[in-house]
Amino acid sequence: MAEEVRGPDTTALDEVVTFTSELIRIDTTNRGGGDCRERPAAEYVAERLAAAGIEPTLLERTPGRTNVVARIPGTDPSAEALLVHGHLDVVPADPAEWTTHPFSGEVRDGVVWGRGAVDMKNMDAMVLAVVRSWARQGIRPRRDIVLAYTADEEASAEDGSGFLADRHAALFEGCTEGISESGAFSFHPQPGTTLYPIAAGERGTAWLKLTAHGRAGHGSKVNTANAVTRLAEAVARIGSHAWPVRLTATVRAALAELAALYAIDIDVHSPHLDVDLLLGKLGPAAALVAPTVRNSSNPTMLDAGYKVNVIPGQAVAHIDGRTLPGTEEEFAATMDELTGPYVEWEFHHREVALEAPVDSPTFAKLRAAVERFDPDGHVVPFTMSGGTDAKQFSRLGITGYGFSPLRLPPELDYGALFHGVDERVPVDALHFGVRVLDHYLKSA
Ligand SMILES: [Zn+2]
């Protein structure tokens, strides 16, 4: 018990705030198309790892797009390694919309403000603070821990985790599981109830390009082969398609936990389960599972024509599709049907869906770490509606969990802060995260 009493030192609690703030001040906006420079943030992290005796390796596919990887040797050489990864880039922020400048990193009234405060310079800072406190205290984890600070997560990952998985797999040797963003933040569906959703899966990405062909001609003539009309009909069918419910093991486990918590007498394993009825009974907590009980397909871009009185011969649309594990074939067949005879479709970009077991020792330890520091909180597994770097690392056989613990006050809506305006994180939430991560990573 003695060693468990020893948590992160006070320096770690100070450092996590400083690191979060200073990383925010390093503008790593990723505008896509290669327009980003993570190198200063990567050097910031690498210097602080090196100062703690943890040797960092800096890796770039493209100059300026820097990744940092380091390995902390565990005490049990027979144990499998654990990957802890966080991205260094952030999505754009328009200062005109913000209360404080998004790259100020201002710490005011116990809150750190700025782009990346929750996605995910907070986690980058928490991990850095924890491993540096271990170095000061002479603590080594049981398992090898591989740290990866990546570039390019907010765009294609081609300069980040994709590059690392393709070209530097040896650095991740022995890693069987990974933890990263988008999980273990507190969620308050109603006063007095605190949930901690831990991600154990991600929907797949299926971005589509639709091309409609038709007969070009004058806008004043009868045209029964109008490419714009054909595209519009297909897009409308796709956008309003009612996808059938497809429950994965993770989503079913989430429904079981929530039904039990809300004392709803329902068998979530029944083949006749009415999922929408159950979601209706869960109230605001349904938001955790509602986006992942079905595939989805949202039209997002349209492109056709150049003059109002000219019917173009071709029209193009883009669809943001997301697929649950095991539904990829069904998704493609549905698209064949919905697009119809005059519209061709292809995958413009495709990423696999992930599922991590929730009955695993790892999930049990993640749960225990959160509940240790918030005994009134309820851990619930969930599936992310979108994707993270875990998709790329899954190609190395690494099972990913979304786990960047934060205990947020009820009035702070994590979902709205994510990529949102006035992104910010309370100092208390960072301290909670450091304690939970310190405990989990030691016990992992
Ligand atoms: Zn992120």
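The values are calculated or read from the model by the stated rules, or taken from the named source; none is laboratory data. It should be emphasised that the depicted structure is a prediction, and the values quoted were computed from it without experimental measurement. Don't worry about glycine lacking a Cβ; one is built from the backbone with ideal geometry, like all the others, and counts go over all protein chains shown. The protein model used for the area step is the full one, side chains on, heavy atoms only, and it has no ligands, DNA or RNA in it. Shrake-Rupley method; radii C 1.70, N 1.55, O 1.52, S 1.80 Å.
Tabulated values for the structure
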{"item": "Whole-Å distance, taken between Cα centres, linking region 78-93 and region 43-59", "result": "15 Å"}
{"item": "Measure of compaction for region 298-415 (Cα Rg per 2.2 N^0.38 Å)", "result": "1.56"}
{"item": "Region 176-247: equivalent-ellipsoid semi-axes (sqrt of 5 x gyration tensor eigenvalues, Cα, Å)", "result": "46, 16, 11"}
{"item": "Inter-label distance, nm, simple model (7 Å from Cα along the C-beta direction), residue 62/residue 413", "result": "3.4 nm"}
{"item": "Normalised per residue, the volume of the convex hull around the Cα set of region 240-281 (Å³)", "result": "79 Å³"}
{"item": "Region 38-103: Cα Rg divided by the 2.2 N^0.38 Å rule of thumb", "result": "1.49"}
{"item": "Kirkwood hydrodynamic radius of region 105-238, from inverse mean 1/r over distinct Cα pairs, in Å", "result": "20.6 Å"}
{"item": "Peptides ranked, highest mean first, by Cβ atoms within 10 Å: ranges 154-163, 262-271, 276-285", "result": "154-163, 276-285, 262-271"}
{"item": "Residue 431 - accessible surface, heavy atoms, 1.4 Å probe, Å² rounded to 10", "result": "40 Å²"}
{"item": "Model label zone, residue 47; criterion: amide N under 19 Å from point 7 Å along Cα-to-beta-carbon; scope region 100-119", "result": "104-106"}
{"item": "Intensity falloff of region 185-304 expressed as log10 I(q)/I(0), Debye formula with alpha-carbon point scatterers, at q = 0.10, 0.18, 0.19 Å⁻¹", "result": "-0.49, -0.97, -1.04"}
{"item": "Gyration tensor verdict on region 3-63 (Cα atoms; rounded if a/c is under 1.5, prolate if a/b is larger than b/c, oblate otherwise)", "result": "prolate"}
{"item": "Over region 187-227, equivalent-ellipsoid semi-axes from the Cα gyration tensor in Å", "result": "53, 16, 5"}
{"item": "In Å², nearest 10: area of residue 97 left accessible to a 1.4 Å probe", "result": "110 Å²"}
{"item": "Sulfur and carbon atoms: percent of accessible area, the chain [1.4 Å]", "result": "51 percent"}
{"item": "Simple label model, 7 Å out from Cα along Cβ direction - residue 371 to residue 337, nm", "result": "4.2 nm"}
{"item": "Accessible area in square angstrom per residue, region 358-444, 1.4 angstrom probe", "result": "35 Å²"}
{"item": "Size-normalised alpha-carbon gyration radius of the chain, reference 2.2 N^0.38 Å", "result": "1.05"}
{"item": "Length added when fully stretched, residue 166-residue 101, from 0.36 nm per residue minus Cα-Cα", "result": "19.7 nm"}
{"item": "Full-extension gain in nm, residue 298 to residue 310, via 0.36 nm per residue minus C-alpha separation", "result": "1.5 nm"}
{"item": "For residue 139, solvent-accessible area (1.4 Å; no DNA, RNA or ligand), Å²", "result": "30 Å²"}
{"item": "Solvent exposure of region 170-329 as accessible area per residue, Å², 1.4 Å probe", "result": "46 Å²"}
{"item": "Centre separation in Å (Cα based) which lies between region 107-160 and region 303-322", "result": "43 Å"}
